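Participant: The structure that follows is given in the form of structure tokens.
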Amino acid sequence: MTTLKELLAKAEAPSKEAMRLHPFYRGKIQMVPKCAVRSIRDFDIWYSPGVAAPCLEIQRRPEAVFEYTNKGNAVAVLTDGTRVLGLGDIGPEAGLPVMEGKALLYKYLGGVDAVPIPLKTKDHKEFIRTAQLLEPAFGGINLEDISNPKCFIILKELRETMNIPVWHDDQQGTATIAVAGLINALKIVNKKIDRVKVTFIGTGAANVAVARLCVTAGVKPENSIMVDSKGILHKGRKDLESQRDWFADKWRLCTTTNSEGRTGGVPEAMRGADVCIAMSASGPGVIKKEWVKAMAKDSIVFACANPVPEIWPWEAKEAGARIVATGRSDFPNQVNNSMCFPGIFRGTLDVWAKTITDEMCIAAVNELATFAQEKGINDDYIVPTMEQWEVFPRVAAAVAMKAIEQGVARIKLSREAELKQASDIIGRSRSMIAGMMSEGYILPPPPAP
């Protein structure tokens, strides 16, 4: 039987390896060409004088930029470093390793060329204007690790003013994978989504979006309870009512959730709950075992704080939870947005979509849940894993079809055509990285001491 010391050592191992390998590689991404360079004469085509012809065609027909450049496969990953993982406001430079990691995942899992761009500003208006100025170069914007409520304001403004999809992965991506996991977890414990009581611990960008998408999927708002750092949300929260314009989403949740009118903190909110979805402070110890014990039979606990979950999975299980998920890859049931954004953006970019709607996210939810069901869901497998790379083209196809159906796509493809195209693009990306490693262009990690 695995000891507590061994479990803790396993949990700490990724951080130790990260500190060893990050300085070795000095970053995780680089830029490489994707066009043929047969000789120096090819630059007559790729640069001057030949490049003038596509420039003039784009001037004449602006949407040709998607055909003649990499704009249609490029995403800017923007952050101000104010809410990085579970680390808080550590600044844009300190957030860069996360953004580089994001770009690596985009390329390996989605075949998308993502560029990390930390912005040295905390002013949301400066942030918005900078993103708008970047529109000519990118087919999409990925907002990342921005503090609440600023992240909601930035997302709303950019979605309304830009003609390319703007996505806040901490909101939409996290919500998508969480709802997919919830659907399958409820299927295992044989509970109906419209009848379960759900407690959401944390009311930052992630859980506000998770709650919204849960409702879209069938959870009843009146059966939900939200908890922020000051306690349970309810209609009597005068601190939020007085700032309802700034904290609009939290005040809306005060008025639409918690039909019982419960007050108190996390233990009161978890009492009798079928489901606990926690996306709050990094743990452990944020959720205590006795609070899990007070939940309903066959309870479901998603402890998704990074880098350390609110409660260790084995503690939640010991306390009686039937299904436990975290945001980490080194435990079963990783509820992590990395399962979503590569495929969702692949499909979005492939049809030149102008936005990403909640309905497109639900299409991804259903595809993720169905894929896991086909593989055989169980207590330790409720969502696909990143090793199952064939799920990403399927998500891409589902999202692309929904975009076309909703009229937000600029071009139309059949599901079969998009599934093949997405599979080919993602397959090439993975093969390219494998080839660069085998040829020595990417050095092998040095052996551990």
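Participant: If a residue must be surrounded by fewer than 24 Cβ atoms within 10 Å (Cβ to Cβ) and in a loop (DSSP other than H, G, I, E, B), how many such residues does segment 264-278 contain?
Facilitator: Total meeting the criteria: 5.
Participant: Here is a follow-up. Would you pick out the residues in segment 391-449 that are of a type in the set (S, T, N, Q), farther than 21 Å from SER338 by Cβ and surrounded by fewer than 14 Cβ atoms within 10 Å (Cβ to Cβ)?
Facilitator: Result: SER414, SER438.
Participant: Considering each residue of segment 257-276, count those that are among the β-branched types (Val, Ile, Thr) and closer than 17 Å to LYS317 by Cβ, and give that number.
Facilitator: 1
Participant: Which residues, counting only those in segment 65-88, are assigned to a strand (DSSP E or B), touching a residue at least 12 places away in the same chain (Cβ under 8 Å) and of a type in the set (Gly, Ala, Ser)?
Facilitator: Selection gives ALA74, ALA76.
Participant: Give segment 212-249 a look and list any residue that's in a loop (DSSP other than H, G, I, E, B), small (Gly, Ala, Ser) and closer than 16 Å to ALA278 by Cα, or say none.
Facilitator: Passing the criteria: only SER229.
Participant: Please work out which residue is farthest from the chain's Cα centre (by Cα), limiting yourself to segment 336-361 and to residues that are among the aliphatic types (A, V, I, L, M) and at pLDDT 95 or above.
Facilitator: It comes out as VAL351.
Participant: On to the next question. Which condition does VAL32 not pass, out of (1) exposed (fewer than 12 other Cβ atoms within 10 Å of the Cβ); (2) within 24 Å of MET432 (Cα to Cα); (3) at pLDDT 95 or above, if it passes all the others?
Facilitator: Against the list (1) exposed (fewer than 12 other Cβ atoms within 10 Å of the Cβ); (2) within 24 Å of MET432 (Cα to Cα); (3) at pLDDT 95 or above, VAL32 comes up short only on (3).
Participant: Consider segment 335-360. How many of its residues are over 30 Å from ALA13 (Cα atoms) and surrounded by fewer than 24 Cβ atoms within 10 Å (Cβ to Cβ)?
Facilitator: Residues in segment 335-360 being over 30 Å from ALA13 (Cα atoms) and surrounded by fewer than 24 Cβ atoms within 10 Å (Cβ to Cβ): 7 in total.
Participant: Name every residue in segment 150-182 that is part of a helix (DSSP H, G or I), among the β-branched types (Val, Ile, Thr) and either touching a Lys or Arg at 6+ places or on another chain (Cβ under 6 Å) or surrounded by fewer than 23 Cβ atoms within 10 Å (Cβ to Cβ) (or both), in order of residue number.
Facilitator: ILE153, ILE154, THR161
Participant: Identify the residue in segment 290-304 that is in contact with a Gly (Cβ under 9 Å, 6 or more places away or on another chain) and over 18 Å from ILE382 (Cα atoms) and, among all such residues, is surrounded by the fewest Cβ atoms within 10 Å (Cβ to Cβ).
Facilitator: Top of the filtered list is LYS297.
Participant: What are the residues in segment 183-201 that are part of a loop (DSSP other than H, G, I, E, B) and either under 17 Å from ASP249 (Cβ atoms) or among the charged types (D, E, K, R) (or both), if any?
Facilitator: LYS191, LYS192, ASP194, ARG195, LYS197
Participant: Tell me whether segment 377-386 contains one or more residues that are part of a helix (DSSP H, G or I) and aliphatic (A, V, I, L, M).
Facilitator: No; the residues of segment 377-386 include none that is part of a helix (DSSP H, G or I) and aliphatic (A, V, I, L, M).
Participant: Being within 18 Å of the chain's Cα centre (by Cα) and surrounded by fewer than 19 Cβ atoms within 10 Å (Cβ to Cβ) is the filter here, so list the residues in segment 135-148 that pass it.
Facilitator: Of everything in segment 135-148, just one residue is within 18 Å of the chain's Cα centre (by Cα) and surrounded by fewer than 19 Cβ atoms within 10 Å (Cβ to Cβ), namely SER147.
Participant: Test PRO332 against the stated conditions and say whether it is under 30 Å from TYR108 (Cα atoms) and crowded, with 24+ Cβ neighbours inside 10 Å.
Facilitator: The answer is no for PRO332.
Participant: Would you please list the contacts, defined by Cβ atoms under 9 Å and residues six or more apart or on different chains, that run from a residue in segment 417-444 that is modelled with pLDDT of 95 or more to a residue that is surrounded by 12 or more Cβ atoms within 10 Å (Cβ to Cβ) and among the polar types (S, T, N, Q)?
Facilitator: From segment 417-444, the pairs are ILE425/ASN73.
Participant: Within segment 84-123, take every residue that is touching a helix residue (DSSP H, G or I) at 6+ places or on another chain (Cβ under 6 Å), among the aliphatic types (A, V, I, L, M) and closer than 18 Å to HIS22 by Cα and give me the one that is surrounded by the fewest Cβ atoms within 10 Å (Cβ to Cβ).
Facilitator: LEU105
Participant: Find all pairs meeting these conditions: Cβ atoms under 9 angstrom apart; at least six residues apart or on different chains; first residue within segment 47-64 and within 23 Å of VAL37 (Cβ to Cβ) and at pLDDT 95 or above; second residue surrounded by 10 or more Cβ atoms within 10 Å (Cβ to Cβ) and hydroxyl-bearing (Ser, Thr, Tyr).
Facilitator: PRO54/TYR68; PRO54/THR69; CYS55/TYR68; GLU57/TYR68; ILE58/TYR68; ILE58/THR69
The values are calculated or read from the model by the stated rules, or taken from the named source; none is laboratory data. Here the structure is a predicted model, which is why all the values come from computation and not from measurement. We place every Cβ from the backbone using ideal geometry, glycine too, and count neighbours over all the protein chains shown.
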